[in-house]
Structure formats: structure tokens, C-alpha cells
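Novice: Would you mind keeping the following structure in view while I ask a few things?
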């Protein structure tokens with residue numbers, strides 16, 4: 001298996017090397033990650049400016065391409081710049097959960113949507129802040145679940161969240177918002193975004209938010225289709 005690894009926490013993320021070593025058990029790995037943190041960059045790409053991309057040593061025996069752009073551009077560069085082919089893109093393990101509507105902003109998930117655009121299966125992984133080593137120890141368990149239930153044969157793209165002290169694994173759907181922001185004034189016409197947790201527990205373990213907050217590993221199938229299919233069906237009557 002040919003695996004592309006990327007993330008949105010950048011080349012210095014402490015959880016990156018352990019993830020690489022785990023992925024090396026599955027097959028040939030290529031690492032293309034942002035030079036600096038790109039959290040919240042969603043599916044953004046660079047269209048008009050050149051960006052730096054160079055090989056760096058992350059650890060003894062582990063090299064990576066450090067790309068001075070977004071996670072989506074890392075995937076694009078690996079495929080269209082390095083002209084490599086991949087069987088799977090793994091993005092993460094993100095420093096912090098990516099659940100609910102917050103995945104719209106996630107660079108970690110954005111990389112998987114770019115993989116989808118390029119016809120490559122992908123899985124994004126996120127975990128509770130500070131639980132990085134614990135999340136890596138759960139990867140065998142999660143991968144076995146994927147293999148046992150043939151998830152990659154049933155769908156090509158998934159978002160996985162691994163909370164601390166994870167219990168069971170659950171298949172979920174998207175919940176509501178988890179974070180929002182305030183913008184306090186810090187002087188000199190400057191405003192600093194300040195994250196605020198707005199999570200509301202609906203006691204619905206079919207939702208990724210409630211499932212993860214209750215201590216379960218969430219596996220959520222993803223789609224790039226932005227069409228409201230239910231409304232589309234209702235509006236078909238308006239077509240001539």
C-alpha cells in the first residue's frame with residue numbers, strides 16, 4: 001500500500017513521527033506536511049503565488065517534504081508536483097478534535113476532501129489535546145475495525161476522532177457546532193479570535209459530537225457532495 005501522510009499541525013507536530021512509524025507497518029509512506037501550522041485553513045489552496053517545498057529530516061531515517069502552504073496543497077503537491085500515486089491519504093493526527101460543523105474549518109479534514117477530488121481514498125484522524133501518544137496506541141484497533149467491516153470498500157473517505165480513554169467504536173453522523181469565537185479588542189485596532197466551546201449535549205450517540213464527548217471513538221463517513229438532495233428532490237417539480 002502506498003500511503004501519503006499529511007496534517008495541519010505542521011512538520012514539528014509531536015504526534016507526526018509516531019504516526020509515520022505506525023503507517024510504515026501498512027506500506028510505503030510518503031510524508032508531505034505544512035512547514036508551519038495551518039489549523040483552520042479548511043480546503044484552501046494557493047493559486048497565484050509560488051510556495052516553498054523542500055525535503056527535511058524529521059527523525060533518524062524519516063524524511064518529509066515541508067510545504068509552505070495548506071494541507072490541501074500538500075496533497076496537491078504530492079500528486080501533481082511530485083507525480084506520485086497513492087492508495088490512501090492519512091491526515092493527522094490532529095491536535096484537538098474535529099467534530100460537528102467544525103470540520104468545515106479543519107485543515108486536517110480539508111486534506112481528505114482534496115484527496116477525494118483527486119480520486120484517492122482518505123482518512124482524517126483527530127484526538128483530544130494532549131492525548132497524542134494514547135491516540136497512536138489506538139490506531140491498530142481503529143484500523144482493525146476498518147478491515148473487519150470493510151469500510152474502505154463501502155466508502156472512500158472518513159473522519160475519525162479518538163478521545164482520551166476511548167471505549168467502543170461507533171459509526172456516527174455530523175453533530176452541531178463545537179467551537180465558536182469571540183473577538184476581544186487587544187488595542188491598536190487589533191482583534192484576537194478567542195475560541196469558545198458552544199457544544200450542547202443532545203444525548204444522541206449517533207452524532208459524532210455526543211459520541212466523542214461520551215468517550216467513544218467516532219468514525220464518520222464523508223462526502224464532497226454539497227447538494228441538499230432532499231430539497232433538490234422537492235424542487236424538481238419546478239423544472240420545465
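Novice: Check 98, 161 and return the single one that is in contact with a helix residue (DSSP H, G or I) (Cβ under 7 Å, 6 or more places away or on another chain) and in a loop (DSSP other than H, G, I, E, B).
Specialist: After ruling out the rest, the residue left standing is 98.
Novice: Next up: Mind telling me which of the residues 36, 56, 31, 17 ends up being part of a helix (DSSP H, G or I) and at pLDDT 95 or above?
Specialist: Selected residue: 17, the only one of 36, 56, 31, 17 that is part of a helix (DSSP H, G or I) and at pLDDT 95 or above.
Novice: Which strands (runs of 3 or more DSSP E) does the stretch 173-240 wholly contain that include 2 or more residues that are surrounded by 10 or more Cβ atoms within 10 Å (Cβ to Cβ)?
Specialist: Counting at least 2 such residues, we get 179-182, 194-197, 217-221.
Novice: Residues of the stretch 123-155 being at pLDDT 95 or above, in a helix (DSSP H, G or I) and loosely packed, with under 15 Cβ neighbours inside 10 Å, which ones?
Specialist: 140, 141, 144, 147, 148, 153, 154
Novice: Within the set of pairs 6+ apart or on separate chains, which have a first residue in the stretch 46-66 that is at negative phi and touching a residue at least 40 places away in the same chain (Cβ under 8 Å), a second that is surrounded by 10 or more Cβ atoms within 10 Å (Cβ to Cβ) and part of a loop (DSSP other than H, G, I, E, B), and C-beta atoms under 8 Å apart?
Specialist: 56/11; 58/11; 64/11; 66/11; 66/35
Novice: Farther than 21 Å from residue 142 by Cβ, surrounded by fewer than 22 Cβ atoms within 10 Å (Cβ to Cβ) and in contact with a strand residue (DSSP E or B) (Cβ under 9 Å, 6 or more places away or on another chain), is that true of residue 84?
Specialist: yes
Novice: Yes or no: residue 120 part of a loop (DSSP other than H, G, I, E, B), crowded, with 20+ Cβ neighbours inside 10 Å, modelled with pLDDT of 95 or more and out of contact with any helix residue (DSSP H, G or I) (no Cβ under 7 Å at 6 or more places or on another chain)?
Specialist: yes
Novice: Further, regarding this structure: Check residue 109 against each of (1) surrounded by 24 or more Cβ atoms within 10 Å (Cβ to Cβ); (2) more than 15 Å from residue 161 (Cβ to Cβ) and name the one condition it does not meet.
Specialist: Failing condition for residue 109: (2).
Novice: Looking only at the stretch 1-14, count every residue that is more than 19 Å from residue 127 (Cβ to Cβ) and assigned to a loop (DSSP other than H, G, I, E, B) and tell me the total.
Specialist: 1
The values are calculated or read from the model by the stated rules, or taken from the named source; none is laboratory data. Note that the structure is predicted; figures quoted are calculated from it, not measured. As a convention, Cβ positions derive from the backbone with ideal geometry for all residues, glycine included, and neighbour counts pool all protein chains shown.
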